[in-house]
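I have placed the structure first, in the form of structure tokens, so that the comments after it can refer back to it.
The values are calculated or read from the model by the stated rules, or taken from the named source; none is laboratory data. Only a predicted model underlies this, so the values are computations on that prediction, with no experimental measurement involved. Using ideal geometry, Cβ is built from the backbone for each residue, glycine included, and neighbour counts are taken over all protein chains shown. For accessibility, only protein heavy atoms count, side chains too; no ligands or nucleic acids. Shrake-Rupley method; radii C 1.70, N 1.55, O 1.52, S 1.80 Å.
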Amino acid sequence: QLQACGGGLVQAGGSLRLSCAASIRTVSYVDMGWFRQAPGKEREFVAAISRIGGTTYYADSVKGRFTISRDNANNTVYLQMNSLKPEDTAVYYCAARLYTGTLYRETLRYHYWGQGTLVTVSS
């Protein structure tokens, strides 16, 4: 199971850090990802990180503003979001997939999903 938290209301230009606690027994064997879904839109990829944390992958829309990281000792993955924009407003989901050596952006590639946390960025 995955439990995301840290969402909230922030002004444009502000920052938030999302956390995702994983209760997967072998969390170090899964790649982790963050996705988001804005009202009326499809769920989209935000960022992914390999099981050890040595490789990261970002959507172009967040590159340079968001940072994904993980702490396997504490079974947690983070998404640090800086310079937030109103268009970042969405429900953010964390997800996990069994490690295969390749990071993916497609939602269908991920096997486990958290419940989502709402991020609202006001202009």
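Restricting attention to the chain, close to 90% of DSSP beta bridges with both partner residues there are antiparallel. Under the simplified labelling scheme, the residue 87-residue 100 pair shows an inter-label distance of 3.0 nm, with each label point 7 Å from Cα along Cα→Cβ.
As a test of reading the structure, rank 34, 113 by solvent-accessible area (1.4 Å probe, protein chains only), most first.
Details: 34 0, 113 80 Å².
Reading off the accessible areas and sorting them downward yields 113, 34.
A convex hull fitted around the alpha carbon atoms of region 31-99 yields 86 Å³ per residue. Using C-alpha pairs under 8 Å with a sequence gap of at least 6, the mean separation divided by the residue count of the chain gives a relative contact order of 37 percent. Separation of region 3-67 from region 88-102 is 6 Å, based on Cα centroids. Sorted largest first, the principal axis extents computed over the alpha-carbon atoms of the chain equal 40, 25, 25 Å.
In sequence order, region 9-17 has phi-based couplings of 9, 9, 7, 4, x, x, 9, 9, 10 Hz under the Karplus curve 6.51 cos²θ - 1.76 cosθ + 1.60, θ = phi - 60°, and Gly or Pro positions carry x.
Near residue 99, once Lys and Arg are set to +1 and Asp and Glu to -1 for all other residues with Cβ below 10 Å from its Cβ, the sum equals +1.
Note on the chain: with a GNM built from Cα contacts shorter than 10 Å, the maximum mean-square fluctuation among 53, 33, 14 falls on 14.
Once backbone amide H atoms are built at 1.01 Å from N, residue 116 has 4, 94 as its partners under 5 Å, excluding neighbours fewer than 5 places away on the same chain.
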